[in-house]
Structures are given as structure tokens and as C-alpha cells.
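The values are calculated or read from the model by the stated rules, or taken from the named source; none is laboratory data. Remember, predicted model here, so these are calculated numbers, not experimental data. For neighbour counting, all protein chains shown are included, and Cβ atoms are generated from backbone atoms with ideal geometry for every residue, glycine included.
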Amino acid sequence: MAAHLKKRVYEEFTKVVQQQHEDLSSKKLRLTKPSKSAALHVDLCKATSPADALQYLLQFARKPVEVESVEGVVRILLEHYYKENDASVRLKIASLLGLLSKTAGFSPDCIMDDAINTLQNEKSHQVLAQLLDTLLVIGTKLPENPSVRMRLVEVACKHLTDSSHGVRNKCLQLIGCLGPVEKGVAKEAESQAAKDVQKIIGDHFNDQDPRVRTAAIKAMLQLHERGLKLQQAIYGQACKLLADDYEQVRSAAVQLIWVLSQLYPESIVPIPSSNEEIRLVDDAFGKICHMVSDGSWVVRVQAAKLLGSMQQVSSHFLEQTLDKKLMSDLRRKRTAHERAKELYSSGEFSSGRKWGDDAPKEEIDTGAVNLIESGACGAFVHGLEDEMYEVRIAAVEALCMLAQSSPSFAEKCLDFLVDMFNDEIEEVRLQSIHTMRKISNNITLREDQLDTVLAVLEDSSRDIREALHELLCCTNVSTKEGIHLALVELLKNLTKYPTDRESIWKCLKFLGSRHPTLVLPLVPELLSTHPFFDTPEPDMDDPAYIAVLVLIFNAAKSCPTMPALFSDHTFRHYAYLRDSLSHLVPPLRLPGRKLVSSAVSPSITPHEDPSQQFLHQSLERVYNFQHLDPRGIQELLEFTIRDLQRLGELQSELAGMADFTATYLQCQLLLIKALQEKLWNVAAPLYLKQNALASAAAKQILEETYKMEFMYSGVESRQVVIIHHMRLQAKALQLIVTARTTRGVEPLFGMCEKFLQEVDSFQRCFISELPHMQGSFVDKLLDLMPRLVTSKPSEVVKILQTTLRQSTFLHLPLPEQLHRATANIIEPTGESDNPLRFTSGLVVALDVDATLEHVQDPQGTVKVQVLYPDGQAQLIHPKPADFRNPGPGRHRLITQVYLSHTAWT
Amino acid sequence: FPAVLLCPGAGQDVGRSCILVSIAGKNVMLDCGMHMGYNDDRRFPDFSYITQNGRLTDFLDCVIISHFHLDHCGALPYFSEMVGYDGPIYMTHPTKAICPILLEDYRKITVDKKGETNFFTSQMIKDCMKKVVAVHLHQTVQVDEELEIKAYYAGHVLGAAMFQIKVGCESVVYTGDYNMTPDRHLGAAWIDKCRPDLLISESTYATTIRDSKRCRERDFLKKVHETVERGGKVLIPVFALGRAQELCILLETFWERMNLKAPIYFSTGLTEKANHYYKLFITWTNQKIRKTFVQRNMFEFKHIKAFDRAFADNPGPMVVFATPGMLHAGQSLQIFRKWAGNEKNMVIMPGYCVQGTVGHKILSGQRKLEMEGRQILEVKMQVEYMSFSAHADAKGIMQLIRQAEPRNVLLVHGEAKKMEFLKQKIEQEFHVSCFMPANGETTTILTNPCIPVDISLGLLKRETAIGPLPDAKKPKLMHGTLLMKDNSFRLVSPEQALKELGLAEHQLRFTCRVHIQDPRKEHETVLRVYNHLKG
């Protein structure tokens, strides 16, 4: 009680302080309110030189101004503006006006007229530009007022003839942001200036200043973003801008052309210097492709990126992008890709030793060679060979997007993508592997391509290897040699990098299930069985052997003839692996193994998942146990918990759900057990010995409920309330146990008070959920609340005890998706033979590699704990950059932890 | 103002690069190379051709060296010390650092091995290098008041540069050798839209369009790998600097990835020094090396060791980089002789070979070679050609022309027949005139120079205020006075001109006399005329 009082006092005290503080500050504000503008006025009048005035204004700008006084301040500022001769001060005032009109809650229409007026008399270009900027701010603050906008646009149009680029820039920006978007409005207004915003902006595409040209294009893009349909007529203008001298103009022009090509893909444009006509989107595609070999890499990146989103382009043009005619001394030469393909189709595998197989072939007609590619020719060939890796990445991304929409293009770009696997920059390699994975359902790898792909498995970067494993999961291989090659390379990888084990197994699982017919002829070789001799039984713990088995078992799933090739120990190993690595080994229909097949085969029912059914059935059974005797209830709970835990182990997708419910049932079980303890019937002095179980149970329940609340993702408020309810029960239990075991009433006061407070806060937090909790502990407790508050602790304990016994078990509804947050440390492995040695006082770095599943916001919540042998523990917060996100709900923590310790004595 | 040009060295020939440019009265010599195929007087350009008898220093304003290959700088000590030239020589920092090493190496081979006399000495190389002024990329260097030069990245070898030479408003861009596709250690050539009057471009690969470099690299690695696995020896003749470093990086990373054990050797001496400079001039390399050198400098090789002559007889597989690259002399030729008889071995020629060298002979399929002393050498080893030489191919040349937008193009450093094709293409695509002079031929290009005139701001503002906003693309008519004084032109307002010249303003009044036959009195007549005019 005392503690509580103290706390309350403290709370109130702090509150008081805060209020005082608030009072003070608000008072101060109120005091300054009339005087803030006045003070500024005084300051500005005092200022003798422009530099002084500027200083005052700068100081003023640092303080916030409240809404009510904005207008006053603005008036003062304007007054000084008119008087001021120095341009820099006027500039600052103009920028302050803009800043002030941004103030939330202030409607700037009152100062608009003044701002426009000042604009008319201003001579300095810089100030003009700043004023226009202010007007832009004002205009954007008043989106619902078309007449204001119209007026502002008119003002801007008037200043478009200014000789300073800054002013023209701002005018165009303003028109872009505020220009009328709907055709109807423009006609209604019939004002001369706003007649055709697009034409006005379009006129400035030929401005003499590149900055203004850029601003004009940007304004046009802004109009497009605001929903105005750009006219097709500007396409010609935009095309001319692609040859501009300045990179920012070209970059913006590329964007504009892209926008137009998306707007009018099907309209027809003529090809200059010939009578032909082509679709606009094709023409634009050609032009943007041309920009991939621009002089500035910024433009190149921009162009390469945009290419990816031009999916309406015709396939003829698309395929040209990968085309590059080679020649040597004017004779046609085949590319290495073509040669590889021919070698493959002629049945000769990568002999590569043919003399002069790249010798030039036929003569080329000199007139027919086009050295400067018109249109799309070879754009990606250039982009993928670019000097800057930014361009290469953009090109790979674009390639990916285009290939996803066109299977034939995917087939063609494969060679190029495979080549990118050998890029010198890791990010590019990674990106191209990911790209390949995305398009993998459209393609089948040739053997020579597979060879190049697999060579990357030896890469020392873990990200690359894992990306490659994922790629292999979903590739189609054409021959059995290919499968064999892949397996051999993966096993090589496994020996070189044993930590890749899980990933390789998973990869082989998919490889097997995708290519059962290709694996079938390899089985005897892989299992090293012999028709006449018995071969020694391989070691079951060898990861490489497990890898081979995973491949075979997954292939056997859809290939019923395969098990006939297995030897006896293979079946034993199957049973073992099916149990230990159930996520990798599928259920098989094995001949002569009735037991296994009958137990497993019903699980292949397609529509209704039996394990889900089982889960719900067992839960229903539990919730209906009311009529059972206590002994039966306990047994039922124990069995159900065991079943659920086992289910969680077997079915990874149900693991979260099963664990969650199992934990809840466990809590309930503990509660029941605790309440059935004999201690309640025994005389007080004997409690001491026997209370161990009850208080331990209470503690454990508390712990479990916290786990339930925080360690699962997808927990909804319905579950939270039940978890809290369980916790409340545990606390009640704790209270009762303490009351029984301690002598004297003094400490009980505080505890009772605290408990009642918790009940109170529970009621407040979950008031909406209370109707669902009929007959529960808290329901009954709240009924008795008035009595509890007034009664003594000993009575409270008695009441609690009875309500606890009488209350019903609450049904825990399951959410749709429930996953347990887990962290699995891959490295350092648990039982390492060589301990980590380091000099005391110095630091050693330990590589930590862990996968986190279903952890929300890992950057903020996950910490690494280091436990030293002397029991000292240290919590380390990893850097946010150490977390990678390989898939939804999955995170990967690869970090270094620094250990240090003083000498042990 | 014609820009005159003359090629004592490389016109339609790959070998000696030496070009003389006269631009607006200034004479600039571009490169000063030697020919690898000759061992007599023909190896150096004929400098007497330039001035006939006068002193070179008086005639030339400066000499520019584009990069350190001997066919671009080999004749430099001969030119500056033996013929005599004391003016400035411009080159980039890496070129200045590496050039003397190569010259010294070349001198050793010629003098010490072949015992030639009448050749430049080490001291001459040193003296010559003292005349060199180093320039940075994109740095504008004022040679004198009128002549300025500026270097652009060329990507051919470390420190290779293209030079823009500018006098007044006339300009010439000389590309030297350049490469438009980046490789394992260098970036791509780049130039801004400087719109020179003349672009002098190399055209080694005028009729070739090359496959992607990745395929080339893969092929190369595959060939080397296969030979080594068979137990054969691989000889890669290279010039000590340039391609060699690229191939080293390529093999080094491949060896590391594939965990190969066969030794890789690089002929000693030269390389260590040169590699040192490669490590040093990181800013001149490509993006990847620039980004990663903090963790590990890519030129710190782990698998590549120094070569000793005795190693050539060692059994087992090995890879050897040996100089020089065209198999015409030195270590590469020695090793080639030793290994040529075994069909398991392989020689990979990674670059261009000049006619007359052993390299050129074996590449053209000759299997029996006549060596010095009338020996006949039978070549059984495999001969592979991999185009790793970093010259721009036809597409690359076109791309550079597109970037720079010159008014005229001149092709040098190539073979006449091939240049003809490219010339035709350039004229067709860009509609600019294109030239391809032969050795010793002079080409004159007429330019249309613009004359800059200063105009006072007041006048400009006044004139532009009249009428609509000026259109940048169109000429505009304005009134003013052109003052030509001390070689400078100024456009000023008439009042200003009068004031400056100290002249009084004269007004011309045009009058004419009209006779009127009128009987009335004078003032009446006047009144009548007045009323008439008024009406």
C-alpha cells in the first residue's frame, strides 16, 4: 500500500510538474503572441544594415510560429518587404512567407493577393523566383480552389518571358503543379493564359537554358502524374530532346517518351526518311534502346530501367535487343552463343577444341551492314556490357521484366543471363541469378548453360550460392546428364561449404520431384547398387548420402517403378529419414511395406488437410471435457498436449498453431493440477513443504503466457485477452499461495491492492471482449468487485480461491495464421571441438549466422546474447544492415559478435 | 584557316604512330612511335620530312603522347635527344611513369642482345623524360596563350588518353588507341560533346564487330584450363603492360575460383615495376577495382609468380606470360622455340600482330618457320588467337563519333582496305566528310572558324529587350559598332565607339531644293505648302 501510495504520489508529482511546464510554455506563447510580430517589427526597424536584418530574420525563422499569429507576422514581413532595398533581405522575406504559409491550419489565401502584388514590382530575378516558389506553396495549400489556381497559373505564364532561367524554372514548376487538369475547367474559365497549359509548357522545350528545358519536361510529367492526358503531338518534340547536349534534359526526355508510349501504344508514327509507319510504342522502344548507349551513365540507367516496363512492344523489336551481328574483316561471324547452340544441337558436347570454329563465314555485303544500330538493335547487349554496374543491374532487371511477359524472349535472353553469372561485381551476379529464378518456368537450361550456371556454385559468397540453390529448385533440366552434373556439383559444394547443407537438401528435393524420369536411370549409379554383389551400407549420417537420398526419394514419389531398384538398407534409411527429415522426404507408396504405406497414404487426400482436422477435433474434445472427472480431465489434457506437440513436429505449417494451443492447454493443466494440490486441505504449518508445486506452477504459467503473447506472429486481440485472462488466474493463484504460506497480514495488503488494480486494468483494456467471457474467472470476479475492494485481504483470498475453482475453462479461438517466432543459429554450431581462444582483455570476433522465422521488426527486437563460461551474460544489438530478408516472414542474421573478457582466476 | 595534317608515321598502317597537326598556325606532333617489324632505319619515323632542314624545336609547339605502347612512344628518345627537340612533351601521369621502363627494356633488347650501335642510351631516355609534362584527366593545359590541350579517358591501357587540341575556336581530337567496351581492369573511353573540327581516330578494327567480352573471356579460360588439365604448357605472348594485366586478373580470379594448382609465371623485371604502377594508379582503372582496392588491391596477385628462364624446361603444366607480344624477339620467342614441337602445348596470341613478325606468320597458318641461322622450326603446338587487344571495333568507333559529333573525321592506324569501308559508313551515317591519308600524305581540311567578338552587356541587354525573347537556335540582327583594335574584336554601342575613338558625332543632313513657280507672295506660298502638307 505504501509502495502504491508512493508511486501514485510520484506520478502525480510528475504530472504536476508537467502541467506547470505546459502552463509556463503556453503562457509564454500567449505573451509573445501579440508581441512576436511586434518584436520582429522592432527588430527589423532597429536593423541598420541589410546584414543585420538578415540576421534577425534568420533567428526568427528558427522559432516556430503558432497558427493565430501567422497572419500578423506576414503583414509585418510584407510591410518590410516593400520598404527594403536590399535584394537578399527581400529574398529571405519571400522564403519566410513560403515557410509561414506552410504552417498547418493556416489558410494562406489572405496573403496571396499581396504576394502577387509584390511580384509585379519586383526587379531582382532571384527574389522573383523565390516569390513564385512561395506562390507554389500557397497554391498547393489550396487544392480546392480552382479560381486561385487559375490566377496563379496566369501569373506564372506572364513571367515565363523573364530572362532569368531561375524564374522560368519556377514558373514551369508552378504550372506543372497547379495547371488545370480537367479539360472542362479550362474551357469554362476561358481565360487566355490557361487555355492550353500543355502548349505553353511545350513551347519551353526549346528554351535556350537546359535547366529550363528540364523543368519544362518535368512539369509535363507532373501534369501527367496529376491525371492530365498528354497530347500525342509532343512526342515529336520529346524525341528531338533525346539528342540534347545536357544529360538532365535527356534523362527527363526519356521519361517523357516512356510516358507517351504508355499512353498511346497503338497509334502509328511515320519513320523519317522512309514511307513506313510503325506503332508508337515500338518507335519509343527503339529510341529508348538507343539511349542505352548514351554518353552519360545516368541516362543509361534511366533508359535501361524504363525498357523493362514496356511490355506492349512487339516481339520482333524485343528480340532485336539481343541481336548483334558480328563480323571480322567484313565477313559474317557467329557469336559464341550461336556456336554453343550449334554444338549442342549437333550432339557434340563442349569439345571446344575444333580449330577455327569461330572462323568467319560468308562475306558480307558492305552496304547491308548497319553500324549505328537503328532502333532496338543490341540494346541489351550494350547494357549488359556497360562499364557501370548500375547500368548492368538495371539492364538485368529490365530483361527480367520483359522475359516474364514473353516466353520466347525468355528463351532468347537465357544465354545473356547465364553470361552475367560471371560478372565481376557480386550484386550483378546475384541480381542475374534472381532474375533467372523468376523466369525459370519459361525456360529449359541446355547442358552447356547448366555447366556455366553450376560453376558459380563454387563462389565464395554465401548469398550467391543460396540464390543459386533456389534457382536450381525451379529450373528445368533437359537431360539426365544435366541432373547428374547438378548433383555432382552440389555435392562438391557441400564438401566445400558444409554450412550449405539445409539449402542443398532443399534444392535436391525440388530437383528430384521435378525430374523423376531423368533421375530414374541414374538411381543404380547414385545408390551404387550392383546387380550381383551386395555393396556396403553407406553411412547414414553423411550429409552427401542424405543429399542423394533426398533426390531419389522425391523423384520416387511420382515414379512408382523406382523403389524396385532400392536395396534393403535404402528402405530402412527411408523410414529413418521420413521420420527425422520429414520436411524433405515425402511419403512414399512402398511395396511390401504395408505399415508405412497404410499409415501415410491417407494423408494424400487432396482437399481437406487431415492434420488440420485432427487439430480441431482434439481441441473440441478438450473444450467439452466439463463433464469429466478431474482425473480424466488431466489425462485428456496430457494426451492432447502430447499429440499437438507431435503434430507440430510433423507438420511444419501447423507447428505454430499446434504449439500455441499446446502451450495454452499446458497452462490450463498446470492450473488444474495446482488447484488439486493437497495443500489447500492441510493445516497451515505444513504448507511450507508442499507449496513448491503450486507456486512453481504459477510461475510457469506466467512465463508461458508471456511467451504466447510475444513469441507468435499473427496473434489477434481475441487471443490476447484469453492469454491475459490466464495470466490473471496465475496471479490469483500466486496470491493465494502466498497468503497461505506467509504469516501476518502486512505484506498481503500490498499484494491484494496490486491484484485488484490488475483486475481493474484488465477490465479497462478488454472491456469490449468481456461479453464473450461468460462464466469465466474474471467475469465472476468483476461481479464480486465491490465486495473485494472493501474486504480484508484474508477474505479476498478466500473469495479468489473459490472463484478460481468454480470458473470455467475458456475456449481459445485460433487465428487464421499463426506462426511461432523462432531463431535458429546455424553458426557457430553447438558442439565445436575446438574452443574459441582469445587473449584476455582483447577482442575476438565471432561470426554468427542465424535464420529468424516470423519475427516482426527484427532490426529493433532481435539481440544476440553471449553467455560466458563464468555465467556472465552480455546482450549485443546487431546492426540493422546485418539482417537480410530472403523471403516473406524470414530473416537472415549474418553478423559478427565481439567477445572480450578479463582473465579468469 | 585550314588545319593541315601530315603523317610521317602511321597513315594506313599499324606500326609507327606519328602525326603532325597544324592548326591555326600551331604545329603539334601527336605520338612518336616506332615500327616493331623493322630492325633498320625504317623503324623510326622520318623526322627530316617535317622540317626539311630547320630545327624541330622551332617548328613544333608541343608533342603529345597518347599512351605508353612502343608503337606510340618508342621513337621519343631518338626524336628528342638524337634528332633534337627541346619543347614540351605532354603525357598523362601513368604514361610518364611507365613509358621509361618500356623504353629501357626495348633498348636493352636491341643494344645488349642484338648488339646494335647507333641507338639511344639510358641517359638519353632519362633526359628525354625530363622534358615531359604530366597532365591529369580533363585538365585543360595552356601550352601557350592560344594553344590548349585536354585529356580524356581512352581505356586502351593504363593511362591511355585521347587529347583535344584547341586553338581559338578550332579544335582537333586525337584519340590515340581507345576502347569502348570496358574490360577486367579498365573502363570505357568517354568524351563529351565537344564538337571538334576534326576527329583523328584509330581504325585498327575498322571492319570487325566483336562478340561480347564475356564470351571471349570464357573461351580464353576454357582453352587455358583444358590445356593445363591435359598437362600441356600455355604460352601467352604479351606486351608487358596493358593486356597482360587484364589477363593476369582474369586468370588469377579463375585460379582462385577453381582452386587450380598449376603455376602461372610472368616474365620478371618489367612486370614487378609495372605492376607497382598499376597498384598505384587505381583512379585510372575500372569501377570494380576502384571499389574494392580498400579491401584488396586486385593487382596483388596470389597465384602469379616471377618467371625464371630455367622454368621453361620444367615438366608438367604451366602458364607463362612472356614479352614481347608479337613473338618477334626476346623471351617469348625463346620459349616459343622450346615448346613449339609439342602438340600438347598451346600458344594464345591475345593481340594484334604486325606483318613480318613470327606471331603474324603462325597466325596466318604457317607451320614451318625459318628462324635466324637458317634453322627451320616446325610448329606442332596449337595456335589460338583471342582478340583481347583493347581497340574499339567498328561499332565502338561509330559510337565515339556519335558522342563527340565532329565536323570531319580522319582515320589513321589501320589498313587501307578496311578503312575504306569504315569511311564510307561514316559518311553515310553522319554526313560528315571523312579522310584516310596514306603515309606522308598531307590532308588539308577547311574549317569555318567563328570569330568571337566581345559585346558590352549594356548593349546586349538593350538589343535583346527589343523584340521577342531571343531564340537560341536562330541568329539575331542587332545594331552596334564593330571595333577592331589590337587583334581583338568588340561590339559596342555607337556612342561608346565615338567616345573611345575620340571622335565627335557628325550628323548628316540630306536636303534637296525644289523650285516652285508661284506668282503669289512668299509667305502665302509657304502657308499653302504648309496647308497642303497638313492635309
Handout entry: Condition met for residue B:183 (facing chain A (nearest Cβ under 9 Å) and in contact with a helix residue (DSSP H, G or I) (Cβ under 8 Å, 6 or more places away or on another chain))
Key = no
Handout entry: Qualifying residue in segment B:409-421 (condition: crowded, with 22+ Cβ neighbours inside 10 Å, within 11 Å of chain A (Cβ to nearest Cβ) and either of a type in the set (A, V, I, L, M) or closer than 17 Å to residue A:382 by Cβ (or both))
Key = no
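Does segment A:120-156 hold any residues that are assigned to a helix (DSSP H, G or I) and acidic (Asp, Glu), and which are they?
Once the filter is applied, which keeps residues that are assigned to a helix (DSSP H, G or I) and acidic (Asp, Glu), segment A:120-156 yields A:133, A:154.
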Problem - Residue match in segment A:390-411 (condition: surrounded by fewer than 21 Cβ atoms within 10 Å (Cβ to Cβ) and within 11 Å of chain B (Cβ to nearest Cβ)) - result: yes
Practice task
State whether one or more residues within segment B:123-146 are crowded, with 18+ Cβ neighbours inside 10 Å, of a type outside the set (A, V, I, L, M, F, W, C) and more than 14 Å from chain A (Cβ to nearest Cβ).
Solution key: no
Exercise for the section: Kindly indicate which of B:411, B:422, B:446 is outside the structural domain of residue B:478 (by the TED database) and at pLDDT below 85. Expected result: B:446
Fill in the blank from the handout: Filter segment A:378-389 for residues that are within 10 Å of another protein chain (Cβ to nearest Cβ) and in contact (Cβ under 8 Å) with a residue 24 or more places away in the chain; the one that is farthest from residue A:432 (Cα to Cα) is A:378
Exercise for the section: Residues being in contact with a Lys or Arg (Cβ under 9 Å, 6 or more places away or on another chain), among the acidic types (Asp, Glu) and within 21 Å of residue A:442 (Cβ to Cβ): count how many of those fall in segment A:388-414. Expected result: 1
Practice task
May I ask you to list the residues in segment A:89-119 that are surrounded by fewer than 16 Cβ atoms within 10 Å (Cβ to Cβ), in a loop (DSSP other than H, G, I, E, B) and of a type in the set (A, V, I, L, M, F, W, C)?
Solution key: A:104
Problem - Meets criteria (aliphatic (A, V, I, L, M), closer than 30 Å to residue B:168 by Cβ and at pLDDT 80 or above) for residue B:501 - result: yes
Exercise for the section: Among residues belonging to segment B:119-149 that are hydrophobic (A, V, I, L, M, F, W, C) and assigned to a loop (DSSP other than H, G, I, E, B), point out the one that is modelled with the highest pLDDT. Expected result: B:143
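For segment A:774-787, how many residues meet the condition of being hydrophobic (A, V, I, L, M, F, W, C) and either crowded, with 19+ Cβ neighbours inside 10 Å or over 24 Å from residue A:675 (Cβ atoms) (or both)?
Qualifying residue count, segment A:774-787: 3.
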Practice task
Go through the residues of segment A:267-280 one by one and say whether even a single one is in the same structural domain as residue A:297 (by the TED database), free of Cβ contacts under 8 Å to residues at least 24 places away in the same chain and touching a Leu at 6+ places or on another chain (Cβ under 9 Å).
Solution key: yes
Handout entry: Filter pass, residue A:565 being of a type in the set (A, V, I, L, M), more than 43 Å from the chain's Cα centre (by Cα) and not assigned by the TED database to the domain that holds residue A:849
Key = yes
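Just to be sure I understand, how many residues within segment A:270-291 are at pLDDT below 85 and in contact with a strand residue (DSSP E or B) (Cβ under 8 Å, 6 or more places away or on another chain)?
Looking only at that region, the number is 5.
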Exercise for the section: Please note which strands (runs of 3 or more DSSP E) are completely contained in segment B:289-371 and include at least 1 residues that are under 13 Å from residue B:267 (Cα atoms) and either of a type in the set (A, V, I, L, M) or within 29 Å of the chain's Cα centre (by Cα) (or both). Expected result: B:304-307, B:318-322
Practice task
Tell me, yes or no, whether segment A:852-873 has at least one residue that is out of contact with any helix residue (DSSP H, G or I) (no Cβ under 7 Å at 6 or more places or on another chain), hydroxyl-bearing (Ser, Thr, Tyr) and closer than 25 Å to residue A:502 by Cβ.
Solution key: yes
Exercise for the section: Would you list the helices (runs of 4 or more DSSP H) that sit entirely within segment A:553-643 and hold 2 or more residues that are modelled with pLDDT under 80? Expected result: A:594-600, A:610-623
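Per-residue answers, yes or no, for (1) within 12 Å of chain B (Cβ to nearest Cβ); (2) in contact (Cβ under 8 Å) with a residue 40 or more places away in the chain; (3) surrounded by 18 or more Cβ atoms within 10 Å (Cβ to Cβ); (4) closer than 25 Å to residue A:850 by Cα:
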| site | (1), (2), (3), (4) |
| --- | --- |
| A:420 | yes, no, yes, no |
| A:427 | yes, no, no, yes |
| A:430 | no, no, yes, yes |
| A:433 | no, no, yes, yes |
| A:436 | no, no, yes, no |
Exercise for the section: Confirm whether residue A:880 is touching a helix residue (DSSP H, G or I) at 6+ places or on another chain (Cβ under 6 Å), exposed (fewer than 12 other Cβ atoms within 10 Å of the Cβ) and either under 30 Å from residue A:672 (Cβ atoms) or of a type in the set (A, V, I, L, M, F, W, C) (or both). Expected result: no
Completion exercise
Among the residues of segment B:422-457, the number that are more than 14 Å from every other protein chain (Cβ to nearest Cβ), assigned to a loop (DSSP other than H, G, I, E, B), of a type in the set (A, V, I, L, M) and more than 25 Å from residue B:390 (Cβ to Cβ) is 3
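For every residue, the table says whether it meets (1) out of contact with any strand residue (DSSP E or B) (no Cβ under 6 Å at 6 or more places or on another chain); (2) closer than 17 Å to residue A:886 by Cα; (3) in the same structural domain as residue A:397 (by the TED database).
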{"position": "A:426", "(1), (2), (3)": "yes, yes, yes"}
{"position": "A:431", "(1), (2), (3)": "yes, yes, yes"}
{"position": "A:435", "(1), (2), (3)": "yes, yes, yes"}
{"position": "A:486", "(1), (2), (3)": "yes, no, no"}
{"position": "A:493", "(1), (2), (3)": "yes, no, no"}
{"position": "A:496", "(1), (2), (3)": "yes, no, no"}
{"position": "A:500", "(1), (2), (3)": "yes, yes, no"}
{"position": "A:507", "(1), (2), (3)": "yes, yes, no"}
{"position": "A:516", "(1), (2), (3)": "yes, no, no"}
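Given the criterion free of Cβ contacts under 8 Å to residues at least 60 places away in the same chain and either at the interface with chain A (Cβ under 9 Å from one of its Cβ atoms) or part of a helix (DSSP H, G or I) (or both), identify the matching residue among B:193, B:273, B:279. Talk me through it step by step, then tell me what you get.
Working: B:193 fails: free of Cβ contacts under 8 Å to residues at least 60 places away in the same chain; B:273 fails: free of Cβ contacts under 8 Å to residues at least 60 places away in the same chain.
Just one listed residue meets the conditions, B:279.
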Problem - Conditions (1) buried (at least 24 other Cβ atoms within 10 Å of the Cβ); (2) closer than 23 Å to residue B:142 by Cα; (3) at pLDDT below 85; number of the one not met by residue B:76 - result: (3)
Fill in the blank from the handout: Here the qualifying pairs (Cβ atoms under 7 Å; residues six or more apart or on different chains; first in segment A:285-304 and on the phi > 0 side of the Ramachandran plot; second aromatic (Phe, Trp, Tyr)) come out as none
Exercise for the section: Give the residues of segment B:204-225 that are more than 7 Å from chain A (Cβ to nearest Cβ), in contact with a strand residue (DSSP E or B) (Cβ under 8 Å, 6 or more places away or on another chain) and of a type in the set (Val, Ile, Thr), sorted by residue number. Expected result: B:224
